[in-house]
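The values are calculated or read from the model by the stated rules, or taken from the named source; none is laboratory data. On a predicted model such as this, the values are computed, not experimentally measured, just so you know. Cβ atoms come from the backbone with ideal geometry, glycine included; neighbour counts cover every protein chain shown. Ligands, DNA and RNA are excluded from the accessible area calculation, which covers all protein heavy atoms including side chains. Shrake-Rupley method; radii C 1.70, N 1.55, O 1.52, S 1.80 Å.
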Amino acid sequence: MVLGSIPWQSYFQRVLSAESGRQAQYFSIIGSFGAFVLAIPPMLIGAAGSVANWTTTSYGMSPVDTDNGGEPSMILPLVLQHFTPRPVAVLGLSAIAAAVMSSIDSAILGSSSMFTHNIYRRILHTKASERELLIVQRTAIVLVGAIACIVSLTVTSILGMFIMAADIVYVALFPQLVAAVYLDYANTYGSLLGFLVAVMLRLASGEATLNLAPLARYGVLHDDTLGHLFPYRTFAMLMSLTVISLTSLVARWLFVGKRVPLHLDVFSCYSSEQLTEQVLTFVEPESMQSQTL
């Protein structure tokens, strides 16, 4: 959860909008304490709702009583509806609806923008016009919204969805962030193959939230009742990072060493100027010294 919450697009929007790196660090540290403080009111409301006498309300039972059909995910709006004055309930429910809608449209717009500019424009069609990009982004908004709607109608646990989102980001995007920051030789070939490996390994492990049965079982480290006893998420993340590193090194060795023609560089990771600069890194120190002498 901790590492999976780092490469979130909403977080990096704030980081990249900071005036300096130092300011981004301060905002991140202060924001962590702010998130902890903001988590206190929902905890108090949930605790109050779990011990309240619901038999005196029109709801008739406790939302946490799942054996009798209770809905724990609805405890916040139910507490506002049944245990606060009507004006407070209206304002509270309106604030919740506004916050949810704001988060949804931000996520949909962000996802469609990243697909349009980072995938379609940079990989699929590098010479796309502005009008074409606008059409692609509008189409992506509709598709992402439809997928989000289907997922919301089929998944019953909001907490499970949040954990699954952090899970996917940890497995698929955290290795990409580490490679982009710490591996100067990382390129699109390694990034793409590493992402595919991470997604395949994660889907093969199954997901109870989406009712996906596991296709891969890790021998004795799998129990029919408890599920995986093997750290399959961390395994998929490490495998993705390994694939990114090795594939990027192989691609660099092929193109920089001129073992493969440059016109086969379909992702345009290496230009003639970049090759001139990077070839110098392949020269041994002894040869550099002899050339200097």
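Key figures for this structure:
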quantity	calculated
For segment 150-211, the Rg and Dmax computed from alpha carbons only, in angstrom	14.0, 43
Listed peptides 32-38, 106-112 by packing density, highest first (mean Cβ within 10 Å)	106-112, 32-38
Descending principal axes extents, the chain, alpha-carbon based, whole Å	91, 50, 38
Å² per residue, accessible surface of segment 2-59 at 1.4 Å	75 Å²
Cα gyration tensor category, rounded, prolate or oblate, for segment 43-93 with a/c compared to 1.5	prolate
Estimated 222 nm signal from helices in the chain, with DSSP H stretches of n ≥ 4 weighted -39500 (n - 2.57), rounded to 500	-20000 deg cm²/dmol
Accessible-area value, Ser129, 1.4 Å probe, nucleic acids and ligands omitted, Å²	60 Å²
From the C-alpha gyration tensor of segment 123-250, square roots of 5λ in Å	29, 24, 11
Ratio Rg/Rh [Cα only; Rh per Kirkwood] for segment 1-54	1.19
Sequence-distant residues sharing a close amide H with Leu212 (under 5 Å, placed H)	Glu207
Alpha-carbon centroids, segment 226-265 and segment 59-92: separation in whole Å	49 Å
Cα-based Kirkwood hydrodynamic radius, segment 80-153, one decimal, Å	14.5 Å
With all protein chains modelled, accessible area of Phe255 [1.4 Å, Å²]	20 Å²
Of the DSSP H helices in the chain, those whose Cα atoms cover at least 30 Å axially and whose Kyte score averages -1.0 or more	86-114, 130-154, 232-256
Residue among Ala98, Ala166, Ala198 with the largest mean-square fluctuation in a Gaussian network model of the chain, springs linking Cα atoms under 10 Å	Ala98
Length added when fully stretched, Arg86-Asp65, from 0.36 nm per residue minus Cα-Cα	5.1 nm
Viscosity 1.306 mPa s, temperature 10 °C, Stokes-Einstein D of segment 20-134 from Kirkwood C-alpha radius, µm²/s	87 µm²/s
Solvent-accessible ranking of Asp65, Asp265, Asp105, Asp184, largest area first, probe 1.4 Å	Asp184, Asp105, Asp65, Asp265
Over segment 84-126: Kirkwood hydrodynamic radius from C-alpha pairwise inverse distances, Å	12.6 Å
Charged-residue dipole, Cβ positions (Lys, Arg, Asp, Glu), segment 1-113 about Cα centre, Debye nearest 20	320 debye
